[in-house]
Amino acid sequence: MRTVTVWHRRGCGPCEAVIRYVVPELREEGCEVVLMDVSRHPCAARDARIAYLPTLVAEGDGPRVTCRGYPSEEATRALLGDAADTSEP
């Protein structure tokens, strides 16, 4: 199972957009989503070297993928583990 950790902070507009629009899509696709508020978990954020918000980190089945900021469609596919080339031959 793919786990996506969403590093965010309350009051951060892009962070709230990720939680509102991207997180439901990730859950719908079968990912386990862990929300980590850097205000409540500053030591964990430091240890994970989170320097930009929001940051999404996908781990588990497939390669580790990190996305800083609101993810594009391509980045969302990579987070889901669907990074395969979708272009036609």
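Stretch Glu25-Glu74 to full length: gain in nm at 0.36 nm per residue minus the Cα-Cα span? Intermediate values should be presented prior to the final figure.
Numbers: separation 49, 0.36 × 49 = 17.64 nm, distance 1.36 nm.
This chain segment gains 16.3 nm when fully extended.
Check each of the chymotrypsin sites (Phe, Trp or Tyr not before Pro) in segment 1-76 and keep only those in coil by DSSP with at most 12 other C-beta atoms within 10 angstrom; list them in order.
On the way: sites: Trp7, Tyr21, Tyr52; in loops: Tyr52.
Those that pass, being in a loop and sparsely packed, are Tyr52.
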- Cα convex hull of segment 3-80, projected area averaged across orientations, nm²: 4.7 nm²
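Rounded to the nearest 5, what % of the DSSP beta bridges within segment 3-80 are antiparallel ones? Numbers along the way, then the final one.
Details: 9 of 15 bridges.
For segment 3-80, the DSSP antiparallel bridge percentage is about 60.
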- Query: Where in the chain lies the longest segment free of trypsin sites (Lys or Arg not before Pro) that are both loop residues by DSSP (not H, G, I, E, B) and have at most 12 other Cβ atoms within 10 Å?
  - Reply: 11-39
- Query: Label Arg64 and Cys12 with points 7 Å out from Cα along Cα→Cβ: what is the distance between them in nm?
  - Reply: 1.9 nm
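Quick note: the coordinates plus some simple rules give every number you see, no bench work behind them. These numbers come from a predicted model, not from an experiment. Here the Cβ is made from the backbone with ideal geometry for all residues, glycine too, and neighbour counts use every protein chain on show.
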